[in-house]
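Data first, discussion second: the structure below is written as structure tokens.
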């Protein structure tokens, strides 16, 4: 569906895309995950032929992407990071307007607009103007304007920014439904939980480069961390910490403000070994958590910083 | 295309700033000017109450006749009241009258202050004094021509009445309103601003979404400019209709002939807004500031705030107002309605057209871009 090779984009001295490569297959929900400024939106704008780039190639649906490639553009739906609707048009008119850019037949359009309104749950707001909608409803309208014409490829650039949990769930469910209906999705976000929840494959971006690509399981298997154990309200000495560090499978121990964080490679009984060590020393402790690695751990291990740094 | 035009038009007429600046503001300013400047003639030339104190001499009959003729003239300026000296002095002190004429062999005038009414009374007296012998001859030989003689010798006429060289409008404040029309044309820049914001993917998310759609770039440009030009032309028609039918300003007898200047002026205003918005990487506030600043300076030089400014520019830096669209529009309308100078009107129209074509070309070269360096 999409093939990007060695894409380079500079803003003056800043390298926004550094030999960026990407391949998205038809039918995927492909996540572009990265911190703010990592180049996600720049990559999207290059794909849409809105931005000039210095080097590289972009092919969509087997064709070189260019501003005048209307055949390809007709099959793309775009949901911008910023809400991009007319403040002066009602919910219905906004969707009708954007749908009319792709679908000329009036009757077909009427049907598509109704479907889009139902899809995003804005049936009760047809005649309402955007400024009277809440943030979540506005985001839903933004999505409806991008998907009403039933495109083959839908690009959603951080569609859930500043959205309440209820609307966020509705949006994420909607994206999965669009994918089930046959659309290929590219979803950019800096919320790793969302990406993990809906994406079939993920590319992690940093400094304009794709630093890791794969399913979430593949990405997690790339790193050393298999389990992170956190123990609260525990008082430890230097010797105690050394003993814990020497336990099997433990490769990193952090102790701060009576809070112990132990990172282990993926193995059975990590938690039992750590708790057994504390019991042997008769050390009391508070709450205990055991977490499997997240995409943030993947990002942390590869780049040395948090996703939201 | 129809849908693009329909929704673009709807969006623009529902945008408060696009209704306020290019339409409501000029209407409000026109109304304010109408009630201040526009009514100056009436307020400044109210009939001047004046007393005449008689000394029962022979000459007084002629002076009384002269005053009566002035009083009964079509453009009557004075209301003459016969009083005794004491009554007149008391009335002058109270402000009931603006002056006292004392008749006699050498009529004299006493006034209670200074100002236009007092100046006019002074002129009336001077006219009489200078033409006394003539009046005496006319009164003796052709008393029926007394009124015509008084009119001939009165040189206060120009103060109170101004007749155009072309013999058309006689409204002395017309040029303020022509400058206002020029300003209103330029205020189409706000519509141009919105058009550019909706056209250029590097200026708004909405434009980026539109540019990502399969609509040909020329389709966008044509639909946006068509809507913007039409909308502002409608604004201008509303303004002209308001001036003609609501305020009943006697600015012109040639409303249809004014349309070319107004159409080209509207296009210049809209295109100027598109051009300023499309160039550079300044913030939105800066661009709006530049638009307002440019429009207001041009309107000021065209004589919007003070007609003398336009005259001073015309005298000292004539080239400035030949490249100032507001001044050209104002000048074109003035030529058409006051001077009745079609050649100069055509010259103004040609210059405005050239400016319009240049602005359109420059703007087109910028907005036809499909890919941007940064968004």
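What order do you get for A:238-247, A:118-127, A:136-145 when each peptide is scored by the mean count of other beta carbon atoms within 10 Å, highest first?
Numbers: A:238-247: 13.3, A:118-127: 15.0, A:136-145: 24.1.
Final packing ranking: A:136-145, A:118-127, A:238-247.
So which residue, out of B:113, B:273, B:265, gets the largest mean-square fluctuation from a GNM of chain B using Cα contacts under 10 Å as springs?
Checking each option, the largest mean-square fluctuation is seen for B:113.
Looking only at other chains, what is the average number of their beta-carbon atoms within 10 angstrom of each beta-carbon in A:188-200? Don't skip to the answer; put the middle values down first.
Values: counts 0, 0, 0, 0, 0, 0, 0, 0, 0, 0, 0, 0, 0.
Per residue, the number of nearby Cβ atoms from other chains is 0 on average.
Taking 8 Å as the Cα distance limit and 6 or more residues as the minimum spacing, I'd like the relative contact order of the stretch A:29-140 as a percentage.
Worked out over the stretch A:29-140, it gives 20 percent.
Please compute the average number of Cβ atoms from other chains found within 10 Å of each residue's Cβ in peptide A:98-110.
2
From the square roots a ≥ b ≥ c of the eigenvalues of the alpha-carbon gyration tensor of the stretch B:224-328, which class results: rounded (a/c under 1.5), prolate (a/b over b/c), or oblate?
On the way: a/c = 2.03, a/b = 1.15, b/c = 1.76.
Here the stretch B:224-328 falls in the oblate category.
Highest mean first, how do A:177-190, A:49-62 rank when packing is the count of other Cβ atoms within 10 Å averaged over residues? Can you show the working numbers first?
Numbers: A:177-190: 18.9, A:49-62: 17.1.
Ranked from most to least packed, the peptides come out as A:177-190, A:49-62.
Mind checking which of A:230, A:294, A:42 has the largest fluctuation in a GNM of chain A, springs on alpha carbons under 10 Å?
A:230
With viscosity set to 0.692 mPa s at 37 °C, what whole-number translational diffusion coefficient in µm²/s follows for the stretch B:220-281 from Stokes-Einstein and a Kirkwood radius over Cα pairs? The partial results should precede the final answer.
Values: Rh = 13.0 Å.
Answer from the Stokes-Einstein relation: 252 µm²/s.
Fully extended, how many nm does the chain gain between residue A:238 and residue A:191 (0.36 nm per residue separation, minus their Cα-Cα distance)? Mind dumping the intermediate values first?
On the way: separation 47, 0.36 × 47 = 16.92 nm, distance 3.68 nm.
In short, 13.2 nm is gained.
As an exercise, use a Förster radius of 41 Å and the Cβ-Cβ distance of residue A:127 and residue A:52 to find the FRET efficiency, rounded to the nearest 0.05.
On the way: r = 41 Å, r/R0 = 0.99.
The computed FRET efficiency comes out at 0.50.
Could you let me know the centre-to-centre spacing of the stretch B:284-311 and the stretch B:207-283, using Cα atoms, in angstrom?
The two parts, judged by their Cα centres, are 18 Å apart.
Could you state the principal axis extents of the C-alpha atoms in the stretch B:181-260, from the largest down, to the nearest angstrom?
Computed over the stretch B:181-260, the largest-to-smallest principal extents equal 51, 18, 17 Å.
What does the highest-first list of B:207-220, A:83-96 look like by mean Cβ count within 10 Å? Walk me through the intermediate numbers first.
Details: B:207-220: 19.4, A:83-96: 21.7.
In descending order of packing, they fall as A:83-96, B:207-220.
Quick one: if the Förster radius is 51 Å, what FRET efficiency do residue A:211 and residue B:354 give, using the C-beta to C-beta distance and rounding to 0.05?
Details: r = 57 Å, r/R0 = 1.12.
Plugging the Cβ-Cβ distance into 1/(1 + (r/R0)^6) gives 0.35.
Efficiency by 1/(1 + (r/R0)^6): what FRET value for residue A:272 and residue A:176, r their Cβ-Cβ distance, R0 = 45 Å, to the nearest 0.05? Present the calculation step by step, with values, prior to reporting the outcome.
Working: r = 37 Å, r/R0 = 0.82.
With R0 = 45 Å, the Cβ-Cβ based efficiency is 0.75.
Grab the Cα-Cα distance for residue B:145 and residue B:244, subtract it from 0.36 nm times how many residues apart they are, and report the gain in nm with one decimal. Write out the running numbers ahead of the final one.
On the way: separation 99, 0.36 × 99 = 35.64 nm, distance 3.91 nm.
Taking residue B:145 through residue B:244 to full extension adds about 31.7 nm, to one decimal.
Bin width 20 Å, alpha-carbon pairs only: give the P(r) of the protein assembly as shown as whole percents, running from 0 to the bin holding the largest distance.
15, 30, 24, 15, 11, 5, 1, 0
Which residue fluctuates most in the GNM of chain B (Cα springs below 10 Å): B:319, B:352, B:304?
Comparing B:319, B:352, B:304 in the GNM, the peak value goes to B:319.
Debye calculation, C-alpha points only, no solvent: report log10 I(q)/I(0) for the stretch B:282-375 at q = 0.15, 0.18, 0.25 Å⁻¹, in the same order as the q values.
For the stretch B:282-375 at q = 0.15, 0.18, 0.25 Å⁻¹, log10 I(q)/I(0) is -0.71, -0.90, -1.29.
With an 8 Å cut-off on Cα pairs and a minimum separation of 6 or more residues, tell me the relative contact order of chain A in percent.
Numbers: 579 pairs, mean separation 62.0, N = 309.
Relative contact order comes out at 20 percent.
Modelling each spin label as a point 7 Å along the Cα-to-Cβ direction, I'd like the residue A:68/residue B:93 distance in nm, to one decimal.
A separation of 9.2 nm, rounded to one decimal place.
May I ask what percent, to the nearest 5, of DSSP beta bridges between residues of the protein assembly as shown are antiparallel?
On the way: 39 of 68 bridges.
Approximately 55 percent, going by the DSSP bridge assignments.
Mind pulling the per residue volume of the convex hull built on the Cα atoms of chain B? Å³ is fine. Please list the in-between numbers first.
Working: hull volume 61.8 nm³, N = 375.
Given the Cα convex hull of chain B, per-residue volume reads 165 Å³.
Once every DSSP H run of n ≥ 4 in chain A is given -39500 (n - 2.57) and the sum is divided by its residues, what mean residue ellipticity at 222 nm do you get, rounded to the nearest 500 deg cm²/dmol?
Values: 11 runs with 106 residues, N = 309.
Rounded to the nearest 500, the figure is -10000 deg cm²/dmol.
Could you work out how much longer the chain between residue A:36 and residue A:289 gets when fully extended? Use 0.36 nm per residue separation minus the Cα distance between them, nm to one decimal. List each step's numbers first, then the result.
Details: separation 253, 0.36 × 253 = 91.08 nm, distance 2.92 nm.
Gain on stretching residue A:36 to residue A:289: 88.2 nm.
Add -39500 (n - 2.57) for each DSSP H run of 4 or more in chain B, then divide by its residues: what number comes out at 222 nm, to the nearest 500 deg cm²/dmol? Could the numbers behind the result be given before it?
On the way: 20 runs with 242 residues, N = 375.
That comes out to -20000 deg cm²/dmol.
Using a/c under 1.5 as the rounded threshold, could you call the stretch B:83-134 rounded, prolate or oblate? The axes a ≥ b ≥ c are square roots of the C-alpha gyration tensor eigenvalues, and prolate needs a/b larger than b/c, oblate otherwise. The partial results should precede the final answer.
Working: a/c = 3.65, a/b = 1.49, b/c = 2.45.
Taking the square roots of the gyration eigenvalues as a ≥ b ≥ c, the stretch B:83-134 is oblate.
What is the average number of partner chain Cβ atoms found within 10 Å of a Cβ in A:46-52?
Values: counts 2, 1, 8, 5, 11, 8, 6.
Per residue, the number of nearby Cβ atoms from other chains is 6 on average.
Have a look at the DSSP beta bridges in chain B and tell me what percent are antiparallel, nearest 5.
Values: 4 of 14 bridges.
Around 30 percent of the beta bridges assigned by DSSP in chain B are antiparallel ones.
Treat chain A as a sphere of radius equal to its Kirkwood radius over Cα pairs and apply Stokes-Einstein at 4 °C in a medium of 1.567 mPa s; give the translational diffusion coefficient in µm²/s, rounded to a whole number. Mind showing how you got there, number by number?
Working: Rh = 21.7 Å.
For these conditions, the coefficient is 60 µm²/s.
When a/c reaches 1.5 or more, the comparison of a/b and b/c decides; with that in mind, is the stretch A:112-157 rounded, prolate or oblate per its Cα gyration tensor? Walk me through the numbers on the way to the answer.
Values: a/c = 2.65, a/b = 1.45, b/c = 1.82.
Since a/c reaches 1.5 but b/c is at least a/b, the shape of the stretch A:112-157 is classed as oblate.
In degrees, nearest 10, range 0 to 90: what is the angle between the Cα axis of helix B:132-141 and the longest Cα principal axis of chain B?
Tilt relative to chain B: about 70 degrees.
From Cα pairs below 8 angstrom and at least 6 apart in sequence, can you work out the relative contact order of chain B, rounded to a whole percent?
Numbers: 525 pairs, mean separation 70.7, N = 375.
Across chain B, relative contact order equals 19 percent.
Read-outs: derived from the displayed coordinates by stated rules, not from any lab. Because the structure is predicted, anything quoted here is derived from the model rather than measured. Ideal geometry is used to build each Cβ from the backbone, glycine not excepted, and the neighbour counts take in all protein chains shown.
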